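**Q** Please see the structure below; I have some questions.
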C-alpha cells in the first residue's frame, strides 16, 4: 500500500510543478492575446498604412498616425546607444581585463547598483539638472532628443556592462595567456584576441540595451517634451511610443484607447524583433 | 613613426579606468543629490503621517503601506510559481523541446517593457476581470513581471547544488520530492533569496506597470480591492505635476535608500553563496 501511495504523491507533485512551469507560457500568451485583441481591430478599421506611416495623431478626430513616434523611439534608442555603448563597454573591458581583485570587489557591485535606481528618479534628475543645463548652454527648451538620449544612455549602462562583462570573462584564459606569451601588451591581447572572441556577446549586450531604451517610459515622459512631430534637431522635443501610451491611457476610451493598444502592438513587435536578434547573435556563438 | 605599444597600453588602461570610475561617479552623484536635498524633509514623522493637500504637506504613510502591500502580495504569488518552475526545469525533467519553449517564454517575459505590463494589467485585470484599480490587480501584474527574475536566479541556485548531495539522498531511500525539499532547496536557499530580494527592489521602484493597475489613490488601502499608491508612483506624481519639490526629494530618499539597501543585501547574500561553492 504505502509505496504506491508514495508513487502517487510523486506523480501529483510532478503535475503541479509542470503547471508552474507552464504558467510563464500562459502569461506570455495572455499578454500577447490581450494586446493584440485590443490593438489589431483598429488596424483593420483605419488601415495599417494610416497608423504605421500616418503623420498625425489626433485620436478624437479619427487620426491615429504614429510614424513620428516610431521614428522618435528609434532616434532616442540610437542616441542612448551612442552615449551608453562606449561608456558601458569601457567599464566592462576595464572590469574584465584590467581591474585588480580589490578594485573589482568595489566596482562590480557599485556598477550593478545603477540598475536598481528607479526610472522615475533618473527622469526626475534629468528634469532638474540635464534639461536646464541644455536650455542654458546649448539652446532650445531643454526637453529634447539630446536630454532623452543622455538619460537613457545612463539607464542602459547596467545592461551593457553586465552582459558584455559576462561575454568577456567567458573567453578562455588560455587565449590571453597565448597572446601575452607571444610578447603582446595587455591592450594588444585585449583588442586583438579577447574582444574579437567576445564579439557576439558584446553585440548582444548592445541590442538588449536598445530593447531597454525602446521600452523605457517614465523617465522619457519627464525629459522628452512629448511633442507630436518628428524631431529634426538634437534640441527638438519628441514623443516616443511608450510615452504615448502612458500619457493618455488613464483617460482614453473607445477608439482612442484602441489606438493606444495599437501603439502597444507596434512597440511589442519592435521589442520582440530586438530580443530575437539578441538571442540569435548569442546562440550563433554557442554553436560555434 | 611607430608609437610604443607599452605607451598605448598605459593610455588605454588610464582611459578605461576613468570610464569605470566616471560611471560609478554617476551613481554616487545621484545618491548624493537625493540624500542632500531630501534629508531635511525626511524624518520619522514624514514616514508616519498622512499626506495633506495632494502631498504638498504631511507625509507618505499610505504610500509606504501601499508599497509594502504590493511587494508582499506579488512576492507571495510569484515565489511559489517561480521556485516551482525552477525545480521543474532542473530536477524533474531533461532538456527537451518543452523546456526550451518554457525557457523562451521566461526570456520573452523578461524582455517585455513595463508599460506593456501596464497595458495588459489594465485591460485584463482592471477591465475584463472587473477588479478595478486595486491592490490585487497591481499585485497580479507585478507577479508576472518579477516571475522571470525569480525563475532564473532560483534555477542558477539549484543548479549550483553539488550532485553528490542528491545521490546520497537518493541512496538513503528518499524520493525525488523529499530530496528536493530536504536537501536541494536548503542548500539553494541563499541564491533563491537573492532573486526574491532583487524582485522586491524591482517592485518597489516600478511605476509604469503599477500606476495603470493599482491606480494612484492617496487613501490608506484597507482591502485588496482598494486602489493605492506606491512610493514610486507618489514620487512621480509629486515631481511631474510640480506639487512639491521638497516632498518629492524626501520621497525619493526613502525610495532610493530602501532599494539600495535591498540590493546591497542581495549582493552580499549572493557573494556568500558563490564563495561557499568555489
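The values are calculated or read from the model by the stated rules, or taken from the named source; none is laboratory data. As the structure is a prediction and not an experimental result, all values here were calculated from the model. We place every Cβ from the backbone using ideal geometry, glycine too, and count neighbours over all the protein chains shown.
**Q** Pairs, please: C-beta under 8 Å, at least 6 apart or cross-chain, first residue closer than 12 Å to residue A:165 by Cα and in the same structural domain as residue A:279 (by TED's automatic domain parsing) and in segment A:186-207, second at pLDDT below 95 and outside any helix (DSSP H, G or I)?
**A** Here the result reads A:194/A:171; A:198/A:170; A:198/A:171; A:201/A:170, each pair linking segment A:186-207 to a residue that is at pLDDT below 95 and outside any helix (DSSP H, G or I).
**Q** Yes or no: segment A:145-160 includes at least one residue that is assigned to a loop (DSSP other than H, G, I, E, B), without any contact (Cβ under 8 Å) to a residue 60 or more places away in the chain and either facing chain B (nearest Cβ under 9 Å) or crowded, with 20+ Cβ neighbours inside 10 Å (or both).
**A** Checked segment A:145-160: no residue is assigned to a loop (DSSP other than H, G, I, E, B), without any contact (Cβ under 8 Å) to a residue 60 or more places away in the chain and either facing chain B (nearest Cβ under 9 Å) or crowded, with 20+ Cβ neighbours inside 10 Å (or both).
**Q** Residue under question is residue B:225, and the condition is that it be outside any helix (DSSP H, G or I), touching a residue at least 60 places away in the same chain (Cβ under 8 Å) and surrounded by fewer than 23 Cβ atoms within 10 Å (Cβ to Cβ); does it hold?
**A** yes
**Q** Another question, if that's okay. If we keep just the residues of segment B:83-113 that are in a loop (DSSP other than H, G, I, E, B) and more than 7 Å from chain A (Cβ to nearest Cβ), which is surrounded by the fewest Cβ atoms within 10 Å (Cβ to Cβ)?
**A** B:94
**Q** Here is a further query. Which numbered condition in (1) at the interface with chain B (Cβ under 8 Å from one of its Cβ atoms); (2) under 30 Å from residue B:13 (Cβ atoms); (3) in contact (Cβ under 8 Å) with a residue 60 or more places away in the chain is the only one that residue A:110 fails?
**A** Tallying (1) at the interface with chain B (Cβ under 8 Å from one of its Cβ atoms); (2) under 30 Å from residue B:13 (Cβ atoms); (3) in contact (Cβ under 8 Å) with a residue 60 or more places away in the chain, residue A:110 fails exactly one: (3).
**Q** Here's another thing I want to ask about it. Do you know which residues across segment A:221-245 are away from chain B (no Cβ under 11 Å), in a loop (DSSP other than H, G, I, E, B) and buried (at least 21 other Cβ atoms within 10 Å of the Cβ)?
**A** A:231, A:237, A:239
**Q** Additional query: Among A:83, A:31, which is surrounded by 15 or more Cβ atoms within 10 Å (Cβ to Cβ), part of a helix (DSSP H, G or I) and not assigned by TED's automatic domain parsing to the domain that holds residue A:187?
**A** The unique qualifying residue is A:31.
**Q** Oh, and also: Kindly indicate whether any position in segment B:165-173 is surrounded by 19 or more Cβ atoms within 10 Å (Cβ to Cβ) and either within 29 Å of residue B:271 (Cα to Cα) or in contact (Cβ under 8 Å) with a residue 40 or more places away in the chain (or both).
**A** No, segment B:165-173 contains no residue that is surrounded by 19 or more Cβ atoms within 10 Å (Cβ to Cβ) and either within 29 Å of residue B:271 (Cα to Cα) or in contact (Cβ under 8 Å) with a residue 40 or more places away in the chain (or both).
**Q** Against the condition more than 10 Å from chain A (Cβ to nearest Cβ) and assigned to a loop (DSSP other than H, G, I, E, B), how does residue B:193 come out, does it pass?
**A** So residue B:193 does not fit the description; no.
**Q** Another question, then. For segment A:246-254, indicate whether the set of residues that are within 15 Å of residue A:42 (Cα to Cα), more than 10 Å from chain B (Cβ to nearest Cβ) and part of a helix (DSSP H, G or I) is non-empty.
**A** yes
**Q** Here is a follow-up. For residues in segment A:188-209 being farther than 27 Å from residue B:5 by Cβ and within 11 Å of chain B (Cβ to nearest Cβ), which is surrounded by the most Cβ atoms within 10 Å (Cβ to Cβ)?
**A** So, considering only residues that are farther than 27 Å from residue B:5 by Cβ and within 11 Å of chain B (Cβ to nearest Cβ), the one surrounded by the most Cβ atoms within 10 Å (Cβ to Cβ) is A:208.
**Q** Within 13 Å of another protein chain (Cβ to nearest Cβ), surrounded by fewer than 24 Cβ atoms within 10 Å (Cβ to Cβ), in contact with a helix residue (DSSP H, G or I) (Cβ under 8 Å, 6 or more places away or on another chain) and in a helix (DSSP H, G or I) - does that describe any residue in segment B:59-79?
**A** Within segment B:59-79, one or more residues are within 13 Å of another protein chain (Cβ to nearest Cβ), surrounded by fewer than 24 Cβ atoms within 10 Å (Cβ to Cβ), in contact with a helix residue (DSSP H, G or I) (Cβ under 8 Å, 6 or more places away or on another chain) and in a helix (DSSP H, G or I).
**Q** Which of the residues spanning segment A:113-139 are more than 20 Å from residue B:241 (Cβ to Cβ) and within 7 Å of another protein chain (Cβ to nearest Cβ)?
**A** Correct list: A:113, A:114, A:116, A:117.
**Q** Quick check, is residue A:183 under 13 Å from the mean Cα position of the chain (by Cα) and surrounded by fewer than 24 Cβ atoms within 10 Å (Cβ to Cβ)?
**A** When the stated conditions are applied, residue A:183 does not pass them.
**Q** Go over the candidates B:264, B:259 one by one and state the one that is within 13 Å of chain A (Cβ to nearest Cβ) and modelled with pLDDT under 95.
**A** B:264
**Q** Still on this structure, I have one more. Could you tell me how many of the residues in segment A:208-220 are in a helix (DSSP H, G or I) and farther than 13 Å from residue A:88 by Cβ?
**A** 6
**Q** What is the one condition in (1) within 14 Å of chain A (Cβ to nearest Cβ); (2) touching a residue at least 40 places away in the same chain (Cβ under 8 Å); (3) closer than 16 Å to residue B:246 by Cα that residue B:36 does not satisfy?
**A** Here residue B:36 clears every test but (2).
**Q** So which residues in segment A:245-278 are without any contact (Cβ under 8 Å) to a residue 40 or more places away in the chain and over 22 Å from residue A:228 (Cα atoms)?
**A** Matches in segment A:245-278: A:272, A:273, A:276.
**Q** Those residues that are outside any loop (DSSP other than H, G, I, E, B), touching a strand residue (DSSP E or B) at 6+ places or on another chain (Cβ under 9 Å) and either within 14 Å of another protein chain (Cβ to nearest Cβ) or surrounded by fewer than 21 Cβ atoms within 10 Å (Cβ to Cβ) (or both), I need them from segment A:47-66; list them, please.
**A** Correct list: A:50, A:58, A:63.
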